[in-house]
1. With no solvent and one equal point scatterer per Cα, compute the Debye intensity ratio I(q)/I(0) for the chain at 0.10, 0.13, 0.16 Å⁻¹ and report its log10, rounded to two decimals.
2. What percentage of the solvent-accessible surface of segment 75-206, computed with a 1.4 Å probe over protein heavy atoms, is contributed by carbon and sulfur atoms?
3. I need the calculated FRET efficiency for the pair Val205 and Met68, taking r as the beta carbon distance and R₀ as 30 Å, to the nearest 0.05.
4. For segment 148-153, in order, what is each residue's ³J(HN,Hα) by Karplus, 6.51 cos²θ - 1.76 cosθ + 1.60 with θ = phi - 60°, in whole Hz (x at glycine and Pro)?
5. Report the FRET efficiency, 1/(1 + (r/R0)^6), for Asp89 and Asp144, where r is their Cβ-Cβ distance and R0 is 35 Å, rounded to 0.05.
6. Relative to the Cα centre, what is the charge dipole magnitude of the chain, using +1 at the beta carbon of each Lys and Arg, -1 at the beta carbon of each Asp and Glu, and rounding to the nearest 20 debye?
7. Give me the base-10 log of I(q)/I(0) for segment 6-91 at each q in 0.11 Å⁻¹, Debye formula, one uniform scatterer per Cα, rounded to two decimals.
8. Nearest 0.05, what FRET efficiency do Val61 and Lys180 give at R0 = 41 Å with Cβ-Cβ as r?
Amino acid sequence: MAGSSAVLEDSSLLSRLDQTLYRIERVFGVISGLAVLALMLLAVGSVGGRNMFNTPLPGYVDWIQIAMPLIAFLGISYAQRDGGHIRMDILIGQLKGRGLWMAEFITTLATLILIGLLVWGSWAHFERSFDWGSPNWSRDSSIDIGLPLWPAKLLVPLAFGIMALRLVLQLWGYGRAVVKGLERPVAVPLVKSAAELAAEEAEHVSALNR
């Protein structure tokens, strides 16, 4: 489906940093998608083994536990960059110009503060799990086949850290728009109008029918 926002680019430092981070976010998004595919294949293998050989895949639940951070967190910064997260635009959608960018700046700043707390908390959670002196460097493991849990726990602050970088760039973009009075700033998601969305959807359907 067509997206609901656009991110403009130019030759400025902000835009170059945005594009560099976007490449990293896309890699994380691909990894997240591959994790979903891998879990689907594991589910097929586990169910098939149970039905045909009466032997389900050992540690299936353990692998799901390890893969959950890949699925749940690695793609959040990618979605944030493209404006893909669910949000309420009833009030903000009525604003224009500096008022709109100031509102976006405030909400993005609040999100950054929350993400900062989540980075701190999830890193502390990882530290409680990781131990150089323990087997597999882990103080805890999965129940069935004993997979170390610290790699999955490390992914959470890593994903939130990338998200924090994305929010910092967006704060820069919104702040720049407020100061300069820009109508269409770079490096931030611009919500498309109903007419633009309709045209994009029509083009998308037309391309599929060719």
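1. -0.60, -0.88, -1.10
2. Details: 5290 of 7690 Å².
Answer for segment 75-206: carbon and sulfur cover 69 percent of the accessible area.
3. Working: r = 35 Å, r/R0 = 1.15.
With R0 = 30 Å, the Cβ-Cβ based efficiency is 0.30.
4. Whole-Hz 3J(HN,Hα) from phi for segment 148-153: x, 9, 5, x, 5, 6.
5. Computed FRET efficiency for Asp89 and Asp144 comes out at 0.20.
6. Details: 17 positive and 17 negative charges, 59 e Å.
That gives the chain a dipole magnitude of about 280 debye.
7. -0.48
8. On the way: r = 53 Å, r/R0 = 1.30.
FRET efficiency, Val61 to Lys180: 0.15.
The values are calculated or read from the model by the stated rules, or taken from the named source; none is laboratory data. Worth saying up front: this structure is predicted, and the values here are computed from it rather than measured. We place every Cβ from the backbone using ideal geometry, glycine too, and count neighbours over all the protein chains shown. Side chains are part of the model used for accessible areas, which takes the heavy atoms of the whole protein and leaves out ligands, DNA and RNA. Shrake-Rupley method; radii C 1.70, N 1.55, O 1.52, S 1.80 Å.
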